[in-house]
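Undergrad: Could you have a look at this structure, given as structure tokens, before my questions?
The values are calculated or read from the model by the stated rules, or taken from the named source; none is laboratory data. Here the structure is a predicted model, which is why all the values come from computation and not from measurement. So basically every Cβ, Gly included, is an ideal-geometry build from the backbone, and we count neighbours across all protein chains shown.
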């Protein structure tokens, strides 16, 4: 099965000889992290290195926001941008579209528009392929961000566990890039994959990120000068760090925190949390029940900003189709119609 081998296993492995989850020590996790960031050891480490480089490059702007331009008004802007706008966009783009194909764009313009609605921080490849594995092996050995292995295991997963394998056959590589064919990410040839260890070519990824950053910095500067630009880019860096904690929290920190009659998916330890749900539409237990649904806020109080955006695009014709599992959810679990 492709998802059993598509990710590059860490040196400490996914499971022991008895099939139990390996829970590495903090020392092992940090050793793996810095080894996989070392682009001088192998160029194939470039993608996780680039993913964290984005955060590091924006930290000075976060510093300027806090110590040079700080005001209560800009703090509110930073809060809304990092918590709501960046979070909701992650759900709209990386989660529901790139990974689960929950909806379809009319054309490339609307796909590119949606992709670049916010400051670019996460490479699609790092997110998408590993997230397919997460759903196939949720809370089991091989889950790249298995909460049962601890906070650091999840927080540093984008480097230690989420990059694709460097030893895929040509057929396995072809099937891997098919998982991302709809995203607009231009894939490497098999020969280029063998050279760089990734689906996306470094120059394509760097150019796309730089164009996104230049446009967004220019727009922010025109509206509010360097103060607003530093605020937004600093908030994006803050979000990029914080989002790495989500799956640890969203799976109960490795403890079964599901509420009977509310967290209805019984196949893993995912839970519906009010804060991620309200600010990003991430009702996680609902999502694990119906991963291909463009909506995961199924109950009256479950605000779903990501769904509202997708539905709006459908109303104006930018989205041609979508999956909505609300009616099935209500009928199956509450025996009522949507």
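Undergrad: Give the residues of region 297-316 that are out of contact with any helix residue (DSSP H, G or I) (no Cβ under 6 Å at 6 or more places or on another chain) and either outside any loop (DSSP other than H, G, I, E, B) or touching a residue at least 60 places away in the same chain (Cβ under 8 Å) (or both), sorted by residue number.
TA: 307, 308, 310, 311, 312, 313, 314, 315
Undergrad: Let me ask something else. Residue 276 passes all but one of (1) surrounded by fewer than 21 Cβ atoms within 10 Å (Cβ to Cβ); (2) free of Cβ contacts under 8 Å to residues at least 24 places away in the same chain; (3) within 25 Å of residue 79 (Cα to Cα); which number fails?
TA: (2)
Undergrad: Here's another thing I want to ask about it. Using the structure shown, decide if residue 72 is surrounded by fewer than 17 Cβ atoms within 10 Å (Cβ to Cβ), in contact (Cβ under 8 Å) with a residue 12 or more places away in the chain and either touching a helix residue (DSSP H, G or I) at 6+ places or on another chain (Cβ under 6 Å) or at negative phi (or both). Give the derivation first.
TA: Values: surrounded by fewer than 17 Cβ atoms within 10 Å (Cβ to Cβ): yes; in contact (Cβ under 8 Å) with a residue 12 or more places away in the chain: no; either touching a helix residue (DSSP H, G or I) at 6+ places or on another chain (Cβ under 6 Å) or at negative phi (or both): yes.
Taking the combined requirement at face value, the residue does not satisfy it.
Undergrad: While we're on this one: Checking residue 286 against (1) part of a loop (DSSP other than H, G, I, E, B); (2) closer than 24 Å to residue 89 by Cβ; (3) touching a residue at least 40 places away in the same chain (Cβ under 8 Å), which single condition isn't satisfied?
TA: With respect to (1) part of a loop (DSSP other than H, G, I, E, B); (2) closer than 24 Å to residue 89 by Cβ; (3) touching a residue at least 40 places away in the same chain (Cβ under 8 Å), residue 286 is out only on (1).
Undergrad: Provide a single number: the residues in region 210-228 that are touching a helix residue (DSSP H, G or I) at 6+ places or on another chain (Cβ under 6 Å) and in contact (Cβ under 8 Å) with a residue 60 or more places away in the chain.
TA: Applying the first criterion (touching a helix residue (DSSP H, G or I) at 6+ places or on another chain (Cβ under 6 Å)) to region 210-228 yields 217, 220-221, 228.
With the extra rule that they be in contact (Cβ under 8 Å) with a residue 60 or more places away in the chain, the set shrinks to 228.
The total comes to 1.
Undergrad: Within region 11-34, can you find the residues that are surrounded by 15 or more Cβ atoms within 10 Å (Cβ to Cβ), assigned to a helix (DSSP H, G or I) and either out of contact with any helix residue (DSSP H, G or I) (no Cβ under 8 Å at 6 or more places or on another chain) or modelled with pLDDT under 95 (or both)?
TA: Passing the criteria: 28, 31.
Undergrad: Name the helices (runs of 4 or more DSSP H) wholly inside region 77-159 in which the number of residues that are over 26 Å from residue 256 (Cα atoms) and modelled with pLDDT of 95 or more is 1 or more. Lay out the reasoning, then the answer.
TA: Working: elements: 86-90, 108-115, 124-136, 151-155.
Result: 86-90, 108-115, 124-136.
Undergrad: Hey, another quick one. Are there any pairs with C-beta distances below 6 angstrom linking a residue in region 229-258 that is at positive phi and surrounded by fewer than 22 Cβ atoms within 10 Å (Cβ to Cβ) to a residue that is outside any loop (DSSP other than H, G, I, E, B) and modelled with pLDDT of 95 or more, with the two at least 6 apart or on different chains, and if so which?
TA: Listed by first residue and then by second, the contacts come to 253/147; 254/147; 254/148.
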